[in-house]
Amino acid sequence: MGYTLAEKIIKSHLLTGEMKTGSEIGLRIDQTLTQDATGTMAYLEFEAIGIPRVKTERSVAYIDHNTLQSGFENADDHRYIQTVAAKHGIWFSRPGNGICHQVHLERFGVPGKTLVGSDSHTPTGGGIGMMAMGAGGLDVAVAMGGGAYYIDMPRMLKIELTGQLSPWVSAKDIILEVLRQLTVKGGVGAIIEYGGPALAGLSIPERATITNMGAELGATCSIFPSDEVTRAFLEAQDRGQDWVPLTADPDAVYERIYTIDLNTLRPLAACPHSPDNVKPLSELTHIPVDQVCIGSCTNSSLADMLKVAAILKGKTIHPNVSLSISPGSKQVFTMLADCGALADLIAAGARILECACGPCIGMGFSPSSKGVSLRTFNRNFEGRSGTADAQVYLVSPESAAAAALTGHITDPSTLGSAPAISMPEKFLIDDRMILAPASEETADKVEVVRGPNIKPLPTCDPLPDVLAADVLLKVGDNITTDHIMPAGAKILPYRSNIPYLSKFCFSQVDPQFTQRALDAGKGFIIAGANYGQGSSREHAALVPLYLKIKAVIAVSFARIHRANLINAGILPLTFAKAEDYANLDLGDELVLGGLLDAIQSGSPIELENKTKGTKILLTAEYSDRQREILKAGGLLNYTKTSAM
């Protein structure tokens, strides 16, 4: 029996465990990346571990999230990240150089390598044949120090692509169709591989769009083969030496194979407020549009921008529409300017933003009240745009440009012939905005600069045998990390200040939660299915840790958030019977006893509800390593007392 593409990479990087689905494995990590919304915390954690220099082949710190500097906080964090990167052997991509996933694809991604990043859309690198995974900052810090990255051995799914895309249909429509079929839970515990005869017609930016939004499936990662298309892209980036062929064996076995005929695809949109709420654009054309945003790590490549510029050339956007354009990198931005496409965008009435995440994370360009916003982004969670009642739709660049012209949701295929664009044989290479770290010989002379907004990490005590506390919050299914710890221009500057950040915890769900937690001094959270989906931000665990949350009891958890809770020393527990979720309420007094023996043995934990006089069973299934982390009071405590 042969190996899948992902299994080949896992096999060559396996440090601990067996390649048995569901069992924990430890992987050697070749590359890491961070961005500034999560990076400050990741580097504080790396410093706390005490290793003087990173041990990866390449680690890169990007500044692309907190670029709106309305106070000193973001600038101070950037200065800290730049100096700590120089000291510890990490490359630094300066503000303005671009979005981490776009730049990493262009300049650093290598087929067959492993990459973990403190951003949930790190799987973008799968478009170039990497096994690229999102993780919490502490997991990234450990990987930078040479430690293994641990996951449960994923199940293998395959999506076979046949046919070819029709005019006006794009890679964004492919991944929206995958989300329509699999839902936001369909990829949990899985790696999704792409294959089939249609691959030869998909460029690397198109493949990266698909793997980027694989994060919305809950997948560990998504990956394409490294083929002649990959080689051509790397050669055009002057990195032909990085290419290696990589494909699955013909007799590789997958748990399930899905087939999508590209010939049948038509333009699609993810409707509010979930990426899997997908409908044909042709059913939505009656909806007027207030705002259009084109860019983000999903659709900000040169090819995407050239398509939009060609559609808008010689035209003017609708008077009721505000249009923003965010090029994905300095390379993309400069090449748009050099070929005249940037002038076409400006002439059409587009507002050009910097090469950063921007509106995707609510960092400016929020929609009007109750506004309809079409975005080429990857998430449309309620309130994520910065406007609580905005109606956000996710679409392709072509569909976004069409709506910008007409003023309503428009099937772009009704606009006539699709414009033809030509891609350059070589990309413009200018890496002056990427700073090399100090040498090992001079690193001691680098001073790490910390601003007053950078506060100490919250700490956790070793796990006691009994936990007794009240239910401080009860939430439903598909609670995202945006619900737990919102993003946006008002909040992101405080990502390195956990005490201040705690004021906003669950603010969209229950504005009284933070004060209730502070008053109680300890507590439990009750949740439905897929708790913690979305971003990899470990702040969604660190802030509850600061607020003395002792356990989260849920029907099920999203992969990265569950790992972040364990890393923080917060118990993630699941109901033995999902229906028991209904038997717990806000304010119930709960007791968990015999924790140490139950966690060590993996046996069920009995939860006593003193308020109702009832008992229910919870499951506490962890790997041997996770048991030790929880008993120690989190990964940082565990790492300090054990060899990586």
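The values are calculated or read from the model by the stated rules, or taken from the named source; none is laboratory data. Every value quoted in this text rests on a predicted model; they were computed, and no experiment measured them. Methodologically, a virtual Cβ is constructed for each residue, glycine included, from the backbone with ideal geometry; neighbour enumeration extends over all protein chains shown.
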**OP:** Return only the number of the condition from (1) more than 30 Å from Pro412 (Cβ to Cβ); (2) in contact with an Asp or Glu (Cβ under 6 Å, 6 or more places away or on another chain) that Val142 does not satisfy.
**Re:** (2)
Subject >> Subset of region 367-418 [within 25 Å of Ala310 (Cα to Cα), small (Gly, Ala, Ser) and modelled with pLDDT under 95] >> reply: Ser413, Gly416, Ser417, Ala418
**OP:** Identify all residues within region 23-63 that are among the charged types (D, E, K, R), within 26 Å of Gly112 (Cα to Cα) and not in a strand (DSSP E or B); write none if there are none.
**Re:** Arg28, Asp30, Arg53, Lys55, Glu57
Original post:
Considering only region 574-614, how many residues are over 18 Å from Lys550 (Cβ atoms) and of a type in the set (Lys, Arg)?
Top reply: 2
Subject >> Hits in region 376-397 (condition: within 19 Å of the chain's Cα centre (by Cα) and either basic (Lys, Arg) or in a helix (DSSP H, G or I) (or both)) >> reply: Arg379, Arg384
Original post:
What pairs can you find where one residue is in region 254-267 and in contact (Cβ under 8 Å) with a residue 40 or more places away in the chain, the other is of a type in the set (Lys, Arg) and surrounded by fewer than 19 Cβ atoms within 10 Å (Cβ to Cβ), and their Cβ atoms are less than 8 Å apart, with a gap of 6+ or different chains?
Top reply: Glu255/Arg155
**OP:** Answer yes or no as to whether Ala75 is small (Gly, Ala, Ser) and within 26 Å of Asn637 (Cβ to Cβ).
**Re:** no
Original post:
Restricting to region 236-289, what's the tally of residues that are among the hydroxyl-bearing types (Ser, Thr, Tyr), assigned to a loop (DSSP other than H, G, I, E, B) and more than 29 Å from Cys360 (Cα to Cα)?
Top reply: 2
**OP:** Name the helices (runs of 4 or more DSSP H) wholly inside region 95-201 in which the number of residues that are farther than 28 Å from Ala356 by Cα is 1 or more.
**Re:** 171-182
Subject >> helices (runs of 4 or more DSSP H) wholly inside region 483-558 that include at least 1 residues being within 24 Å of Val591 (Cα to Cα), of a type in the set (A, V, I, L, M, F, W, C) and touching a residue at least 60 places away in the same chain (Cβ under 8 Å) >> reply: 539-546
**OP:** Would you mind finding the one in Glu216, Glu228 that is touching a helix residue (DSSP H, G or I) at 6+ places or on another chain (Cβ under 9 Å) and surrounded by fewer than 19 Cβ atoms within 10 Å (Cβ to Cβ)?
**Re:** Glu228
Original post:
Does Ser59 qualify as being more than 21 Å from Gly134 (Cα to Cα) and either at pLDDT 95 or above or outside the structural domain of Ser496 (by TED's automatic domain parsing) (or both)?
Top reply: no
**OP:** Go through (1) of a type in the set (Val, Ile, Thr); (2) farther than 30 Å from Ala401 by Cβ; (3) out of contact with any strand residue (DSSP E or B) (no Cβ under 7 Å at 6 or more places or on another chain) and name the single condition Ile204 misses.
**Re:** (2)
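Residues are listed down the side, and each one gets a yes or a no for (1) more than 26 Å from Asp482 (Cα to Cα); (2) surrounded by fewer than 24 Cβ atoms within 10 Å (Cβ to Cβ):
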{"position": "Asn263", "(1), (2)": "yes, yes"}
{"position": "Cys271", "(1), (2)": "no, yes"}
{"position": "Pro275", "(1), (2)": "no, no"}
{"position": "Lys279", "(1), (2)": "no, yes"}
{"position": "His286", "(1), (2)": "yes, yes"}
{"position": "Ser296", "(1), (2)": "no, no"}
{"position": "Leu302", "(1), (2)": "yes, no"}
Subject >> Total residues in region 103-146, condition polar (S, T, N, Q) and more than 20 Å from Ile81 (Cα to Cα) >> reply: 2
Subject >> Pair list, Cβ under 8 Å, 6 or more apart: region 278-299 residue more than 17 Å from Leu176 (Cβ to Cβ) and assigned by TED's automatic domain parsing to the domain that holds Thr124, other residue of a type in the set (Ser, Thr, Tyr) and in a loop (DSSP other than H, G, I, E, B) >> reply: none
**OP:** For region 565-608, name all the residues that are charged (D, E, K, R) and part of a loop (DSSP other than H, G, I, E, B).
**Re:** Lys577, Asp585, Asp588
